[in-house]
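Quick notes on the structure that follows.
No lab work stands behind these numbers, since they all come straight from the coordinates. All of these numbers come straight from a predicted model, not from anything done at the bench. In this analysis, Cβ positions are derived from the backbone assuming ideal geometry, glycine residues included, and neighbour counts consider all displayed protein chains.
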């Protein structure tokens, strides 16, 4: 099992919330809110494995994403509760958008 760097600090709740908001904004801007929620719900039990896959792929991912950011995303996905927070944030943003256009 691949783990985060030894001694790497856990994400603070403030940083976790910023990462979730950033991901939610990106997903929404691509118009992928519904598919993302469906995929996250279906794969929530595998979120830890996904976080480990990010760490394994980090050398390749570093070509397109900052290694620090990929480590933070891996830390975010380690906890299913964070995945649930992301799902709720995506749904909230979708409801807010639907409410403002009505």
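Overview of results
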item	result
Among residues of region 7-20, those that are in contact (Cβ under 8 Å) with a residue 12 or more places away in the chain and farther than 12 Å from residue 76 by Cα, counted	1
The listed residue being without any contact (Cβ under 8 Å) to a residue 60 or more places away in the chain and over 21 Å from residue 14 (Cβ atoms), out of 38, 77	38
